[in-house]
Amino acid sequence: MSLAQHAHAQQATLAGSWSAGPLIENVTVSSWVDECGPKPKSSSSPGGGYKISVSGDELVFSGGKSFRTDQCWDMGLARRVSHSATPSIRWWKTRCESPPGDPRKAAITTVVRAIDDDTIVLSESAHYSSTLAAGSCSATVERSRTFKIVSREGAAAPAPSPTTPVPTAAPTPTPKPTAPPAPTAPAIDCSAPGDPATLEVRPRKKLLRPGDAFDLKARILDPKGCELPSKPTYRLAPESSSIATISIDAAGHVKVAADAEPVSASVVVEAAGKSARVQLEVVSDKAYADLLAAGGGDAGADEGSVAIVITGSGAGETIVRDPEKPQEGRRRFGLLAVAGGAGSLLALAAVVLWRRANAKAAAEEARRAAERAERKAEKERRAAATAPVASPAAAAPDAGTTTAAPGAAPAAVPGGRICPVCRSSLPPHAEFCPNDGTRLPPAPRPIAGPAPAPPPPAQAHAPAAQRPRGRICPMCGTRYEAEAAFCSKDGASLVPLN
């Protein structure tokens, strides 16, 4: 797309009548001998009217000196060696050099940029050098000129004023109630200013292109916000002082040479014994265009900042805040609150995990206890199911052991023990129930009185063929009736006798 088409689609055309300001030339002489002629000096030439037209992607200037954006302003004996046009940001850059073999060396870089629809700025950096038998001559010239719009090509002519109609009487409008004026902030009394408290510096960061220039703004305020008459000073930071393509004067005017390469630099603003830094970033016109396309806005927009001057502090520390963003403190508080909340959540999660671990251990212990109780109950049920019904005629080999009939109270043996499961009455020396293997509780205290005679064994005189085969404890060798299942002394399971 040509420049004319691009301008018609997105921007106002730059074609039209323009007024050129003075051409300012700032000369810096590095070395000079009389054989080179008069030493060049800084100067200013008057401006005048110019006609600017669009030719493809280039601008053509017609006026006191004809010029195109694909040329250098001071061509002299130089020839063009490179050129770039970036219509999207209305930026043109041309590099010119002297022919090879010419003893008069010249290197010129010219930048033309439209900073808005009504202003065009020309910036040129030229380096001239020559070597003679008497010595060498070298000088650098910085040129600049500003063009302002007078009338734009294609702009509609003002419409003629219509005939003034005869005024007719109109009904008196009903007055509307007016809203009460908004309260205004109380005026600050600056008749007696205080000590320096705040150094305001704008911008804090600045994106620049070769040939750009801007003014740093700084002022010193007292605690009430009254501006103090003392003025800040400006200088390039020590680490940036060697960058020859960036200059700054005592008033804070920053200028980038037209032939500047991409570089980062810092400016130091000092006042009241404290200092603030401004970051400068010089980028190529292509990089600037890419940033503009990616950001969708003004890639060179300023960022305001305020450097707080701490009165009475000798540390020399600078605290920076943004006066246009009072919510910054709330944002920092919100970040701290989020961090604190995250810590609380982590602590709560640790407590929950600890409690879950304890609950899991408790549940495991309860499960094991339930299993033990279930095994014990199952053992007792099996013992109850296999326990024989005691007969009055049956007598155990272990004297004093009796078994109560179902539904009847156990027959108590003097000084004996009672099984809590099958309610059998057992001798005092028994430790386990022979029926179900249950450990027996302690024997009750004997009651004074005559001891009852033990029941006679019913099968003492029974024929050997009719006696049931007994059981024996494999541990202690004690014999029991066939109905017994466990040893009353050590709770071991009984085995049948041969």
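The values are calculated or read from the model by the stated rules, or taken from the named source; none is laboratory data. Please read these numbers as outputs of a predicted model, since none were measured by experiment. For neighbour counting, all protein chains shown are included, and Cβ atoms are generated from backbone atoms with ideal geometry for every residue, glycine included.
Regarding the stretch 288-299, can at least one residue be identified that is in a strand (DSSP E or B) and surrounded by fewer than 20 Cβ atoms within 10 Å (Cβ to Cβ)? Checked the stretch 288-299: no residue is in a strand (DSSP E or B) and surrounded by fewer than 20 Cβ atoms within 10 Å (Cβ to Cβ). Taken over the stretch 237-270, the criterion of being surrounded by fewer than 17 Cβ atoms within 10 Å (Cβ to Cβ) and not hydroxyl-bearing (Ser, Thr, Tyr) is satisfied by Ala237, Pro238, Glu239, Ala244, Asp249, Ala250, Ala251, His253, Glu261, Pro262, Val263, Glu270. A single member of Val413, Val421, Val389 is β-branched (Val, Ile, Thr), surrounded by fewer than 15 Cβ atoms within 10 Å (Cβ to Cβ) and either at pLDDT 80 or above or part of a loop (DSSP other than H, G, I, E, B) (or both), and it is Val389.
Look at (1) surrounded by fewer than 19 Cβ atoms within 10 Å (Cβ to Cβ); (2) modelled with pLDDT of 90 or more; (3) among the basic types (Lys, Arg) and you find that Lys65 fails only one, number (2).
Scanning the stretch 80-105 for residues that are over 20 Å from Leu23 (Cα atoms) and surrounded by 21 or more Cβ atoms within 10 Å (Cβ to Cβ) yields Pro87, Arg90.
As a summary of the residue check, Ala395 satisfies the conditions (1) farther than 21 Å from Gly470 by Cβ; (2) at pLDDT below 50 except for the one numbered (1).
With the stretch 1-107 as the region, which strands (runs of 3 or more DSSP E) entirely inside it contain at least 3 residues that are touching a strand residue (DSSP E or B) at 6+ places or on another chain (Cβ under 8 Å) and under 18 Å from Arg143 (Cα atoms)? If you could, list the steps in order and put the result at the bottom.
On the way: elements: 16-20, 23-31, 43-45, 48-55, 58-62, 79-86, 91-97.
Result: 23-31, 43-45, 91-97.
Could you identify the single residue in Leu59, Leu132, Leu77 that is more than 18 Å from Lys255 (Cα to Cα), surrounded by fewer than 18 Cβ atoms within 10 Å (Cβ to Cβ) and in contact with a Lys or Arg (Cβ under 8 Å, 6 or more places away or on another chain)? Let's see the steps before the verdict.
Details: Leu59 fails: surrounded by fewer than 18 Cβ atoms within 10 Å (Cβ to Cβ); Leu132 fails: in contact with a Lys or Arg (Cβ under 8 Å, 6 or more places away or on another chain).
On inspection, the qualifying residue turns out to be Leu77.
Checked against (1) at pLDDT below 85; (2) of a type in the set (A, V, I, L, M); (3) in contact with a strand residue (DSSP E or B) (Cβ under 7 Å, 6 or more places away or on another chain), Ile220 meets all criteria but (1).
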